[in-house]
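Presented below is the structure to which this report refers.
Any read-out appearing in this document is the output of simple, stated calculations on the displayed coordinates, not a laboratory observation. On a predicted model such as this, the values are computed, not experimentally measured, just so you know. Cβ placement follows ideal geometry from the backbone for every residue including glycine, while neighbour counts extend to all protein chains displayed.
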Number of protein chains: 2
Amino acid sequence: MRVVGLDVGGANLKGCGISLDESGTPQDILYSLNHFPVWLRDRTELWSLLSQTTYTLSNNGKPDLVSLVMTAELSDTFATKREGVVSIARGATTALPDSRIVFPSVDLNLLQLSEVLASPLSVAAANWPVLAWTVGREVPDCILIDVGSTTTDVIPIRDGLPVAAGKDDTTRLIHGELVYTGALRTDVSAILRTVLIDGRPCRLSSEYFATSGDVHLVLGHITEGLYTTDTADGRGKTQQECLARLARVVCGDIETVEENRIADIAEQAWEQQLDDIRQAIDQVCKRLSAAPRNETFVIAGLGAQFLGKEAVNRTGAKAVRDLDEVLGAEGSAAATAYSAALYAGIKWRHYL
Amino acid sequence: MRVVGLDVGGANLKGCGISLDESGTPQDILYSLNHFPVWLRDRTELWSLLSQTTYTLSNNGKPDLVSLVMTAELSDTFATKREGVVSIARGATTALPDSRIVFPSVDLNLLQLSEVLASPLSVAAANWPVLAWTVGREVPDCILIDVGSTTTDVIPIRDGLPVAAGKDDTTRLIHGELVYTGALRTDVSAILRTVLIDGRPCRLSSEYFATSGDVHLVLGHITEGLYTTDTADGRGKTQQECLARLARVVCGDIETVEENRIADIAEQAWEQQLDDIRQAIDQVCKRLSAAPRNETFVIAGLGAQFLGKEAVNRTGAKAVRDLDEVLGAEGSAAATAYSAALYAGIKWRHYL
């Protein structure tokens with residue numbers, strides 16, 4: 001059977017198609033990633049993108065099953081999450097009229113449209129539970145650190161299943177299981193409150209002048225090609241353009257702030273991100289009465305190496321595994337979409 | 001003589017027209033305020049707005065003198081401040097072909113276009129020195145606290161003149177003379193890093209979900225009519241819409257976070273703003289070896305009462321005067337534009 005997983009995020013649409021045989025082994029894996037900021041674009045474009053993605057990922061055909069998870073319901077293009085979930089679930093159903101669509105819930109049930117409409121919040125932000133389930137199949141006891149473009153998930157897994165304390169985004173923020181810091185899109189003015197310039201503390205601008213993508217390009221952590229989100233000012237992604245944006249966070253520009261001082265600002269933003277993730281890991285471990293040094297960490301996402309792994313190292317932990325190695329390179333490329341497909345496929349394969 | 005002052009900010013165009021007699025007393029004061037986010041709008045619209053504002057403020061005629069100050073050069077629509085200053089100075093000169101235009105500098109010189117082109121940074125962010133000069137005529141020794149829509153200026157004045165340690169925005173940020181916190185436009189995710197919900201610390205989203213305008217409308221500090229800037233989501237300015245935006249900063253919505261808990265988030269954002277301004281005042285006073293309790297504070301701007309006065313009170317200072325009372329209600333309504341007009345008019349009146 002052919003299953004397509006879709007992860008409808010606020011800024012990106014991730015998709016993954018897999019074929020499952022009787023034994024439940026995923027094969028012929030295809031994946032796609034489209035930058036699609038839902039708060040800036042027309043909703044109808046999203047439906048056609050969903051439809052086209054699904055067609056492509058099922059080898060230009062019709063899938064046996066589509067499994068959709070989302071986080072885009074939090075976008076302020078929707079008045080409430082309820083409205084967002086309903087809009088996306090209905091829109092996808094209309095865009096894929098010939099497909100059977102299921103929606104994994106936060107509690108790892110598979111809902112159909114009618115059930116989603118009756119209880120929309122049960123599928124809000126349900127991309128992390130399916131990913132945790134997929135990781136848990138391979139590493140039953142671990143902590144998953146998934147560093148995306150904007151946010152970082154810290155998900156404890158025990159006996160193969162997520163044991164998160166938070167079930168919605170707000171409680172996940174409280175418990176350190178969700179941190180709004182990521183590899184590309186995070187606003188620098190939300191990362192730092194002050195920065196040292198030649199050892200003197202300087203307040204920051206509160207404008208949307210630069211993002212973590214600028215930080216990591218300047219520091220050499222990513223290439224222009226990996227900087228897949230929009231820039232804050234709509235300009236390009238060269239070293240010079242990233243430096244120019246970062247100079248603005250202290251109300252300077254590339255003529256008024258020297259290049260090595262700008263790189264120093266990037267360094268401090270990176271340090272703060274690492275510290276924020278490390279604190280979240282400590283909080284999660286404390287709740288589990290676990291010591292980081294005894295834990296296995298699985299790191300995932302765009303920022304796995306320069307944010308996830310670095311932060312884990314700072315907790316003193318030694319056992320760190322890459323998602324690539326746990327799920328395979330193809331499975332980890334669009335990991336949440338792959339997990340949505342795999343989870344639904346495994347659960348449904350006996351019925352189709 | 002009729003003088004028009006223009007303050008070309010990043011988000012607002014303020015204008016003021018005054019008539020000066022031989023004694024230098026301003027009369028027949030007209031003013032205007034237009035919300036104009038330069039990074040979102042077409043530049044040519046700005047030139048026609050400048051031209052029309054000048055015409056209206058000189059009683060539908062031609063002014064004897066136009067005095068222009070700016071902060072819009074920091075907007076990321078310009079690659080550097082130099083480019084921004086040159087663009088605005090040239091644009092205004094072209095838009096007002098029959099007018100004599102002067103540009104007050106940060107050092108309180110009056111430059112003409114050729115001098116601005118030779119030394120653009122000398123007029124960058126030169127709105128605060130003219131305001132300080134105007135206040136200093138009335139209260140020669142004081143500290144001016146000007147709380148605008150996005151930022152707060154803390155400007156020490158001695159013997160009638162500003163004695164700021166910073167001359168550009170970056171050094172002003174370092175010295176506590178510029179704080180990126182204001183009454184309407186400041187991003188809440190840049191104000192707070194965590195918020196207490198029922199006594200438990202909750203991390204914040206880093207998205208542009210809510211602004212200080214939402215905070216102060218919910219707290220009853222401003223009416224819908226005073227909320228003159230754009231909202232973060234483009235929706236309206238009712239109590240319910242502001243509550244909805246604020247709920248999003250903890251990734252909730254008005255259905256998932258109770259109203260009194262949202263108001264509590266607003267309260268904490270306000271407290272943080274007050275604390276940020278108070279710290280800046282302490283830093284400025286420390287440099288001057290001054291004790292806040294012995295200082296006179298002049299408070300100005302949209303947030304004068306609920307941010308400026310409150311923050312001053314927390315330093316233990318007793319002597320607080322309103323700009324309204326110092327400059328008159330008309331002079332204080334578009335205070336930086338009024339000051340630009342008055343300063344240029346007083347300096348030039350013997351030459352025209």
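Before moving on, here are some points about what is shown:
- Rounded tilt (10° steps) of B:81-95 against the dominant C-alpha axis of chain B: 50 degrees
- Here the Karplus relation 6.51 cos²θ - 1.76 cosθ + 1.60, evaluated at θ = phi - 60°, turns the backbone of the stretch B:203-213 into coupling constants of 4, 10, 5, 9, 7, 7, 9, 8, 10, 5, x Hz, with x for every Gly and Pro.
- Charge tally around A:Ser332: other residues with Cβ under 9 Å, Lys/Arg +1 each, Asp/Glu -1 each, net -4.
- Amide H contacts for B:Leu111 (H built 1.01 Å from N in the peptide plane; partners 5 or more residues away or on another chain; cut-off under 5 Å): B:Phe103, B:Ser105.
- Straight-distance crosslink candidates among lysines, where the alpha carbon sits under 29 Å from A:Lys286 and sequence neighbours closer than 8 are dropped: A:Lys167, A:Lys309, A:Lys318
- Ranked by how many other beta carbons lie within 10 Å on average, peptides B:160-170, A:262-272 from highest: A:262-272, B:160-170
- Pair A:Arg90, A:Val163: separation of 7 Å Cα→Cβ label points (nm): 4.1 nm
- Relative frequency of Cα-Cα separations exceeding 20 Å in the stretch B:84-165, percent: 42 percent
- Computed from Cα atoms alone, the Kirkwood hydrodynamic radius reported for the stretch B:279-352 is 13.9 Å.
- Across identical copies of the chain, A:Ala319 has label-point separations of 6.8 nm, listed in ascending order, with the point defined 7 angstrom from Cα along Cα→Cβ.
- Other residues with beta-carbon under 13 Å from the beta-carbon of A:Leu117 carry, at +1 per Lys or Arg and -1 per Asp or Glu, a net charge of 0.
- Equivalent-ellipsoid semi-axes of the protein assembly as shown, from the Cα gyration tensor, Å, largest first: 52, 25, 23
- Gyration tensor (alpha-carbon) shape descriptor, the stretch A:64-209, a/c threshold 1.5: oblate
- Beta bridges from DSSP with both residues in the protein assembly as shown: antiparallel share about 65 percent, rounded to the nearest 5.
- Using C-alpha pairs below 8 Å separated by at least 6 residues, the relative contact order for chain A is 19 percent.
- Calculated P(r) of the stretch A:1-117 - Cα pairs past 24 Å, %: 21 percent
- Here the calculated FRET efficiency for B:Glu224 and A:Asp98, from their Cβ-Cβ distance with R0 = 45 Å, stands at 0.40, rounded to the nearest 0.05.
- Residue-count net charge about A:Ala290 - beta-carbon cut-off 12 Å; Lys, Arg +1, Asp, Glu -1: +1
- The stretch A:157-286: relative contact order in percent, alpha carbon pairs under 8 Å with at least 6 residues between: 27 percent
- Chain B - convex hull of alpha carbons, volume per residue in Å³: 131 Å³
- Rounded tilt (10° steps) of B:43-57 against the dominant C-alpha axis of chain B: 70 degrees
- Helix B:259-287 and the long axis of chain B differ in direction by around 50°, with both axes built from C-alpha atoms.
- Remark: spin-label model distance B:Asp322-A:Thr44 equals 5.2 nm, labels positioned 7 Å along the Cα→Cβ axis.
- Across the stretch B:162-168, rounded Karplus estimates of 3J(HN,Hα) from the backbone phi angles (6.51 cos²θ - 1.76 cosθ + 1.60, θ = phi - 60°) give x, 10, 5, 7, x, 10, 10 Hz, Gly and Pro being marked x.
- Here B:Ala291 and B:Gln27 are evaluated by their C-beta separation; at R0 = 56 Å the FRET efficiency comes out at 0.90.
- B:His350/B:Asn34 FRET efficiency (R0 35 Å; Cβ-Cβ; nearest 0.05): 0.60
- Only helical runs count toward this figure. For the protein assembly as shown, summing -39,500 (n - 2.57) over DSSP H runs of n ≥ 4 and dividing by all residues gives -11000 deg cm²/dmol at 222 nm.
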